[in-house]
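Every number here is computed from the coordinates shown, using simple stated rules; none is lab data. Small disclaimer: the values here were computed from a predicted structure and weren't measured. With ideal geometry, Cβ positions are generated from the backbone for all residues, glycine too; neighbour counts draw on all protein chains shown.
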Amino acid sequence: MSAKNILILGIGNLLWADEGFGVRVVEEFHRQYETPDNVTCMDGGTQGIYLVQHVRDADVLIVFDAVDYGLPPGTIKRVEDDKVPQFMGCKKVSLHQTGFQEVLAMAEMMGDAPEKLLLIGVQPVELDDFGGSLRDETKEQINPAIEMVVDYLAGIGSPAIRRETPLPPESTIACPVLLTRPYEEERPSEEMACRSGDERLLVDRNWHPPEDHDGELEEMLAGRSLRIPVGPR
């Protein structure tokens with residue numbers, strides 16, 4: 001009997017602070033541990049529906065992610081099997097979560113849903129920080145999340161083995177351009193780069209929102225000219 005295909009997937013957006021938790025965990029897990037040939041570690045990023053074939057090929061799917069469980073910030077929680085889809089969509093904290101919920105639904109519709117699901121998520125501390133890194137409370141949950149998956153793999157007969165020497169950061173399975181150290185140390189100051197919204201636009205008195213948003217949208221879709229009031233120049 002052949003070994004089960006196991007996919008360990010980190011999803012999220014590294015550019016939005018704690019949204020990058022899943023990717024940072026799978027990145028660090030791969031750096032610290034070797035896995036059997038039937039285990040694949042993948043940076044899923046925000047690929048959403050493009051991950052469906054990988055999910056269909058997996059007998060066991062393990063996901064690391066930032067999830068709004070409604071718990072105190074920095075809290076880690078594991079969810080298994082039938083409960084996983086509901087948490088991938090509840091109080092979504094980013095666009096990729098609804099997309100991944102749809103990925104699971106598509107795999108099931110095609111008759112190729114994984115036999116077992118494990119979601120290891122952390123309650124985010126901060127998301128609205130473009131270019132920001134994980135907050136300290138979230139970083140502290142990286143190793144506990146790794147320990148959870150190591151125990152899980154051992155329990156299903158595909159143990160991960162700790163490397164005698166962790167791989168160098170450059171061997172990452174995630175985006176090499178966004179390695180943690182340069183990403184954090186080379187970040188521009190607040191004076192040089194916007195963190196959330198552009199205050200120059202938000203406080204500009206010359207800008208006004210559309211008076212009839214729905215009507216103007218209908219005009220645009222109908223192919224008629226769209227006039228957006230911008231005020232005096």
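According to the square roots a ≥ b ≥ c of the eigenvalues of the Cα gyration tensor, what is the shape class of the stretch 110-173, taking rounded for a/c under 1.5, prolate for a/b larger than b/c otherwise, and oblate for the remainder? Oblate shape, in that a/c is at least 1.5 and b/c is the bigger or equal ratio. Overall form of the stretch 23-77: oblate. Here a/c, set by the Cα gyration tensor axes a ≥ b ≥ c, is 1.5 or more, and a/b is not larger than b/c.
Loop only by DSSP, 14 or fewer other Cβ within 10 Å of the Cβ. Give me the trypsin sites (Lys or Arg not before Pro) in the stretch 131-182 that pass, ordered by residue number. Don't skip to the answer; put the middle values down first.
Working: sites: Arg135, Lys139, Arg162, Arg163; in loops: Arg135, Arg163.
Answer in residue order: Arg163.
The listed peptides 140-152, 54-66, 71-83, ordered by packing as a protection proxy, come out as 54-66, 140-152, 71-83 (highest mean of other Cβ atoms within 10 Å first). Using R0 = 22 Å, the C-beta based FRET efficiency linking Glu170 and Glu140 works out to 0.35. Which entries of Lys77/Lys116; Lys83/Lys139; Lys4/Lys139; Lys83/Lys116 show an alpha-carbon separation above 19 angstrom in the structure shown? Lys83/Lys139; Lys4/Lys139, as the Cα separations exceed 19 Å there.
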